1. I need the full set of residues from the stretch 109-150 which are in contact with a helix residue (DSSP H, G or I) (Cβ under 6 Å, 6 or more places away or on another chain) and in a helix (DSSP H, G or I), in order please.
2. So which residues in the stretch 76-98 are surrounded by fewer than 12 Cβ atoms within 10 Å (Cβ to Cβ), modelled with pLDDT of 95 or more and assigned to a loop (DSSP other than H, G, I, E, B), if there are any at all?
3. Could you please give the count of residues in the stretch 57-73 that are in contact with a Leu (Cβ under 8 Å, 6 or more places away or on another chain) and loosely packed, with under 12 Cβ neighbours inside 10 Å?
4. Taking Pro125 as the residue in question, decide whether it is at pLDDT below 95 and either out of contact with any strand residue (DSSP E or B) (no Cβ under 8 Å at 6 or more places or on another chain) or within 15 Å of Lys142 (Cα to Cα) (or both).
5. How many residues does the stretch 99-124 contain that are surrounded by 15 or more Cβ atoms within 10 Å (Cβ to Cβ) and in contact with an Asp or Glu (Cβ under 9 Å, 6 or more places away or on another chain)?
6. Quick check on my filter: what residues within the stretch 20-43 are closer than 30 Å to Ala122 by Cβ and out of contact with any helix residue (DSSP H, G or I) (no Cβ under 9 Å at 6 or more places or on another chain)?
7. Of the residues Val68, Val131, Val111, which single one is in contact (Cβ under 8 Å) with a residue 60 or more places away in the chain and not assigned by TED's automatic domain parsing to the domain that holds Val10?
8. For the stretch 60-75, give me each residue that is part of a loop (DSSP other than H, G, I, E, B) and among the aromatic types (Phe, Trp, Tyr).
Amino acid sequence: MLGLHFFNPVPLMKLVEVVRTILTGDPAVSTAIEWVRALGKTPVQTKDSTAFIVNRLLVPYLLDAIRVYESGLASLEDIDAAMKLGCGYPMGPFTLLDLVGLDTTMYVAEVMFEEFREPRYAPPPLLKRMVIAGQLGRKTGKGFYRYTAT
């Protein structure tokens with residue numbers, strides 16, 4: 001038994017986390033890695049733990065961006081531009097949050113906070129308020145930014 005964590009949008013994203021459980025044998029991992037590569041994807045191995053690799057690092061980054069904005073340090077646009085231009089990210093944290101969905105981000109953060117009880121995983125108040133208000137990002141036309149139907 002093992003897990004494969006694909007990233008959205010699946011046709012575009014190359015990464016697949018290959019998740020080894022306490023029951024996973026080496027032959028299963030090897031077979032999964034070969035299959036992922038045959039799909040034209042890049043496998044990385046991780047143990048079975050809440051959030052695996054990417055979300056364990058990404059979610060605190062996104063939540064910290066919200067906290068920085070809440071504190072009044074900078075505008076959404078400036079935070080997004082700073083992370084794109086200063087770190088070479090393809091999009092800023094607020095653009096990414098709106099794309100992923102604020103409700104999805106909050107759910108993942110709550111699961112991580114429940115598991116680890118670390119403050120860095122606790123959803124900030126602004127995120128909670130926006131989700132309650134139905135401002136979920138691109139899928140609702142408003143999140144941190146406004147979107148118009150095309």
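1. Matches in the stretch 109-150: Ala109, Met112, Phe113, Arg120, Tyr121, Leu126, Leu127, Met130, Val131, Arg138.
2. Going through the stretch 76-98, the residues surrounded by fewer than 12 Cβ atoms within 10 Å (Cβ to Cβ) turn out to be 85-88, 90.
Within this subset, residues satisfying the condition of being modelled with pLDDT of 95 or more are 85-88.
Selection gives Gly88 alone.
3. Applying the first criterion (in contact with a Leu (Cβ under 8 Å, 6 or more places away or on another chain)) to the stretch 57-73 yields 62-63, 65-66, 69-70.
Filter once more, keeping what is loosely packed, with under 12 Cβ neighbours inside 10 Å: none.
Total meeting the criteria: 0.
4. Working: at pLDDT below 95: no; either out of contact with any strand residue (DSSP E or B) (no Cβ under 8 Å at 6 or more places or on another chain) or within 15 Å of Lys142 (Cα to Cα) (or both): yes.
For Pro125, the condition - at pLDDT below 95 and either out of contact with any strand residue (DSSP E or B) (no Cβ under 8 Å at 6 or more places or on another chain) or within 15 Å of Lys142 (Cα to Cα) (or both) - is not met.
5. 5
6. First, the residues of the stretch 20-43 that are closer than 30 Å to Ala122 by Cβ: 20-22.
Hits for the stretch 20-43 are Thr21, Ile22.
7. On the way: Val68 fails: in contact (Cβ under 8 Å) with a residue 60 or more places away in the chain; Val131 fails: in contact (Cβ under 8 Å) with a residue 60 or more places away in the chain.
Answer to the selection: Val111.
8. The initial filter retains those residues of the stretch 60-75 that are part of a loop (DSSP other than H, G, I, E, B), namely 71-75.
If the condition is that a residue be part of a loop (DSSP other than H, G, I, E, B) and among the aromatic types (Phe, Trp, Tyr), then no residue fits.
The values are calculated or read from the model by the stated rules, or taken from the named source; none is laboratory data. Everything quoted here is computed from the prediction, not taken from an experiment. Cβ coordinates were reconstructed from backbone atoms using ideal geometry, including for glycine residues, and neighbour counts include every protein chain displayed.
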